Amino acid sequence: MKLFIALSITFALVAFALSKDDFSPSVSALMAVGCGAFAFVVLTGFRMLFRKISLRCALGIAVGVLTATFIYLALLTILNNLPINENFLPYVKAGIFLLLVCLGAIIGFDKTSLATAASDSFFSKPEALAPKILDTSVIIDGRIADIAETGFLQGEIIIPKFIIQELQYIADSSDSARKTRGRRGLDIINKMQNDIPLISVSITDHDFEHIKDADIKLIELSKKLNGILITNDYNLKKIADLEKVTVLNINKLNHALRPVVEQGQTIKISLVKPGKEQHQAVGYLDDGTTVVTDNASRHIGKDVDVSIRSMVQTQTGRIVFAKLKKES
C-alpha cells in the first residue's frame, strides 16, 4: 500500500509539472490531485483484480497491455500530425493510451479465460486422479484414514492451512469434548502423513483473505484446484452442489456399505437395553442400525437369534423391527 501511495504522489507531481506552464497554479494543483487519486484507484483496483485471477489470466492481461502499448507507439505519428491545439495534445495522447491499455487488458483477460476453459475441458484430470480436499468434519471423524489405509482412496490429499488452524483452535478449547475432537483431528492428519503410503498428504498455503467462512474457502479451493471435496457436513455438500463442485460424503459411503438385512432373515444380535414399548429390547447391527425386538426384554444382556419382520427408514437412519426366532 505504501508503494501505491508513493507512485500516486509521483504521478500527481508529474502531472503538476507538465500542466503548470499551460494552466494557472490552482487548476494545475487540482489536476494533479485528480491524477494522483486516479492513479491510486487504478493501482488498487489492479491489485484486487490480480489477487482473484489465475497466473495464466494475469499473463494474458500483461500481453494485452504490451500489445496495446505497441499499437499506441505506432499511432503516435498520426496523432502528432492531427490538427489539435498543442496545449491539449498531451492529454489527448494520454486518453488514447489509457483507452488502448484498458482494451488490451480486457481482451487479454477474455481470450485467456476462454483458452483456460477450453484446456480444462480437454485436459481435465479424471476424478480418480483429481486431488481430494478434506474439511474439518471428515478429519475429526477419522474414518477417512481407515478408508485410505484399505486402498479405496488413493492419490493426492490436500489439507488447507486454514483447516489445520481451525483444528488447533478446537484442540486449545477449554471444553474437554471439543479439545478431544481437535486433538483427534490432528492425530488423524499425522497418521495419514506418516503411516499410509498409498496417499500423499499435502498442506497447502492457499487461502482467500477476502472470504471469512471456512466452508466457502473450501469450495473456492476445490474449484481453483479442480479437486474433489470430501466432507460429512450436509450443509456444505448442498452449497458445493450449487457451485458444481464434486463432493464425496463418508456417511453416504457408510450407508452404501452397511449390512443388508431382509424381511424374514434370521440374524444374531446382542440386546443391550429396553425399548420404548413394554417388553421390547433394543440391539444394534455392526453399522449402528437399531434393531427393536418384541417380547425380548427378559433377554437383555444376551445374544439371541431374531427374525426380521419389517424395516423403517427415518431421517436419522434405519430402524429394523424383529421378533425372537423361537416365536417365529
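Any read-out appearing in this document is the output of simple, stated calculations on the displayed coordinates, not a laboratory observation. Note that the coordinates shown come from a computational prediction; the quantities given were computed from them, not determined experimentally. Cβ: placed from backbone, ideal geometry, glycine included. Neighbour counts: every protein chain shown.
Residue separation of residue 184 and residue 314 scaled by 0.36 nm, minus their Cα-Cα distance, works out to 43.8 nm of gained length.
Hey, quick one: spin label on residue 216, modelled 7 Å out along Cα-Cβ, who in region 237-278 has an amide N within reach, i.e. under 20 Å? Residues 237-246 fall inside that zone. The mean sequence separation of alpha-carbon pairs under 8 Å and at least six residues apart, normalised by the residue count of region 201-328, gives a relative contact order of 17 percent. Taking amide H atoms as placed 1.01 Å from N in the peptide plane, the amide H of residue 248 lies under 5 Å from those of 229, 230, 231, each 5 or more residues away in sequence or on another chain.
Our summary gives region 157-276 a relative contact order of 18 percent, counting only alpha carbon pairs under 8 angstrom and 6 or more residues apart.
In whole angstrom, how long is each semi-axis of the equivalent ellipsoid of region 132-256, when you take the square root of 5 times every eigenvalue of its Cα gyration tensor and sort them from largest down? If you can, show how the numbers build up before the last one.
Details: eigenvalues 77, 71, 43 Å².
Semi-axes (√(5λ), whole Å): 20, 19, 15.
In order along region 210-223, the Karplus-derived 3J(HN,Hα) couplings, from 6.51 cos²θ - 1.76 cosθ + 1.60 at θ = phi - 60°, round to 7, 10, 8, 6, 5, 5, 5, 4, 4, 5, 5, 5, 4, 5 Hz, and Gly and Pro are given as x.
To make sure I understand, if each residue's beta carbon is the centre and we count other beta carbons within 10 Å, what order do 72, 284 fall in, fewest to most? Can you show the working numbers first?
On the way: 72 18, 284 15.
In increasing order of surrounding Cβ atoms, one gets 284, 72.
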